[in-house]
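One structure is given below, encoded as structure tokens.
Read-outs throughout are calculated quantities, based only on the coordinates presented, and are distinct from any laboratory measurement. Keep in mind that what you see is a predicted model, and the values were worked out from it rather than measured. All Cβ positions, glycine included, derive from the backbone under ideal geometry; neighbour counts span all protein chains shown.
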Amino acid sequence: MELIWLVPAFPLAGFIVLALGRSLPGKAAGAIGSAAAGLSAASACAVAWLFASGGKAPYSTSLWPWLDLGAASPALALSVDALSIVMILVVTIVGFLIHLFSIEHMEGEEGYHRFFAYMNLFVAFMLILVLADNFLLLYLGWEGVGLCSFLLIGFWYGDRANGDAARKAFIVTRVGDVALLLGIILIAANLGSLSLSESPRLASAAWGRGSGIAVLAAALILGGALGKSAQVPLHTWLPDAMAGPSPVSALIHAATMVTAGVYLVARTNAFFSLAPQVMTAVAVAGAVTLLVAGASALAQRDLKRILAYSTMSQIGYMFLALGAAAWTGAIFHLATHALFKSLLFLAAGAIINALGHERDVLAMGGVAKKMPLLFWTFLAGAFGLTALPPVTAGLASKDAIIARLWYAGGDARLLWWAAMAGVLLTSLYTFRMLFLVFAGASRGPRASGHSAMGASTALPLVVLAALCLVGGLVDFPRVLGGEPYFGAFLGGALPASADTGATAGQELLLSLAPLLLSLAGIPLAWLLAKRELATEAGPALRARGSRLAAFVRGGFGFDRLYDFAFARPLSRLAGKGVDPVNLASEGLRSMTLRASRRLASTQKGPPGRYLAALAVGAVLLLAAALI
């Protein structure tokens, strides 16, 4: 366990080698980057085995002191518990498979070395985030993954649109990052500790449930989580982030960075337990995002944007679980989502490459006959996403969240209905996508030479597909013959969910309801796809004509609202030579200067004036004391 530092050290070393070794042959960059990710995955597996065999006792190691801040003096320290073990396994194993896929997928691209250097650096920062022993080191990893996301979204920076997408992601997530930083400062100032293990205990002892400071701390942490995890209202950056290469979408914008907000809320669950109002806000944000993103996915024509909105929607389920205090359910869906969504993004990237970079699903068709391996692996990912049997990963994780909302009763039943609506939307947009891309005859470009996949491309797809199909076994419902191994493993790191007291019959009904709804979406999706192809009129959300379809396709107008409320006013000010930031700082400087001059004037004059002022002050203090 003392060698836990090797887990982030390997990808960090890979980044340094690739950054300095620009003269290396092209394929060597892919081999070095993948080897670094693979060694990190092997180290993570070794750490997980030692942790499990050692009785699952939390472990922490301090590498060296970092800052001397008195009582709150954070060190460069890493800690391991059941939650961080799950996270490092997800990050490293999925990350290694995506690196392996990228060797062939990115071959011939300008900046091949740069791509793998950035990918290694991202994995290193993500591992620092989930292994951090204190808030400050966590924030270092938090900002690091944001930086790498910016670099990788804008990887093809020659196209201005890609640079714009990268800047948008950086700016929108920065709103949440500032909120998180303020939350960390608040916690350090009031509790005198930045430790992720000690500060929750101090908060439970010092802050009352529902107190103002507890609510503020939890709300600021939530702000950071909403930004990184692309939840309403800080969600608009993720669809545009699809400007980056498909492996980037698979690693950063499906499997790891966008779930960092879920990890953050789960890790700081003690703060949220003290703020029930914020817990409600977590669930509501998840429900709204689930529905808005699901409906938007149904209206898209761009294959990767469909998957991007789908990611936002599925993370909405995780936030629903967090808001209902189903902590282990949220992390289980995080892990299964990483499997099926990374698979879908990688398969989509292979399809897009094979079709000459065509991304419009209405211009595809017939891909199942031309590329059967991509069809079957994509289908496995689709079954995981829509939670279809027999034992797909999504069936076990998503249904557990939905059932927990029903058991919670009261207002949570409204959230249950929202989750069920999300089930239907997920089935509709997933199978609409499948029918348009894979079924029928080809409607667009023929497959190019890229359709012949090598082993480094095919192997990750096959492995991820297999994991999608059997991943649910680690926490399958008892009523369906399974055992909650995953929940038992996480029991030491996260609070256990309250016992529902449900009978076997109730559990079975609650498992069958979303399954039947998901199955009902398949024929409806077929009808929607047929209608679109028959009319060539675009997405089938046409209750009130094309304006409604365009509104939904555009993400319910959030981008236009933010453009009107923030982007345009700031652009106008900048056009007039006014910089709001400089204006504010200049105003503060001017106020401080005037105040200092006024105070300085009191230090000039005859001694008699000072004595008079002293006497008046003494009289006033005496009067105040007597009163």
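Tell me, Leu152, Leu622, Leu63 in order of fewest to most beta-carbon neighbours within 10 Å? Please report the intermediate quantities before stating the final value.
Details: Leu152 27, Leu622 10, Leu63 13.
Least to most surrounded, the residues fall as Leu622, Leu63, Leu152.
Proximity of backbone amide H atoms, modeled 1.01 Å from N, is registered between Val232 and Thr289 at under 5 Å, excluding neighbours fewer than 5 places apart on the same chain. Spin-label model, Ser211/Leu414: points 7 Å from Cα along the beta carbon direction are separated by 3.0 nm. Quick check: the angle from helix 412-438's long axis to the longest principal axis of the chain, C-alpha only, nearest 10 degrees? Orientation of helix 412-438: about 50 degrees from the principal axis. Of Lys27, Lys341, Lys168, the sequence from fewest to most neighbouring Cβ atoms within 10 angstrom is Lys27, Lys168, Lys341. Pop the C-beta distance of Leu63 and Ala600 into the FRET formula with R0 = 45 Å and round what comes out to the nearest 0.05. E between Leu63 and Ala600, to the nearest 0.05, is 0.40.
Note on Cα extents along the principal axes in Å: of the candidates (1) 113, 53, 50; (2) 70, 56, 55; (3) 100, 61, 57, the value calculated from this structure sits at (3).
Placing R0 at 60 angstrom, the Cβ-Cβ distance between Ala455 and Arg589 gives a FRET efficiency of 0.45 after rounding to 0.05. Given their separation in residues at 0.36 nm each and the Cα-Cα distance between them, Ala31 and Ala550 gain 182.4 nm when the chain is fully extended.
Helical runs (DSSP H, four residues minimum) scored at -39500 (n - 2.57) apiece and divided by the length of the chain put the mean residue ellipticity at 222 nm at -23000 deg cm²/dmol. Proximity of backbone amide H atoms, modeled 1.01 Å from N, is registered between Ser60 and Val80 at under 5 Å, excluding neighbours fewer than 5 places apart on the same chain.
Using R0 = 25 Å, the C-beta based FRET efficiency linking Glu483 and Val462 works out to 0.40. Counting 0.36 nm for each residue step from Ser442 to Ala534 and taking away their Cα separation leaves a gain of 31.7 nm. Remark: for residue pairs Lys27/Lys369; Lys228/Lys304; Lys228/Lys369, the C-alpha separation exceeds 28 Å in Lys27/Lys369; Lys228/Lys369.
Taking the 0 to 90 degree range and rounding to the nearest ten, how far is the long axis of helix 504-535 tilted relative to the main principal axis of the chain, both from C-alpha atoms? Once rounded, one gets 70 degrees. For Arg301 and Ile171, the difference between the fully extended length at 0.36 nm per residue and the C-alpha to C-alpha distance is 44.2 nm.
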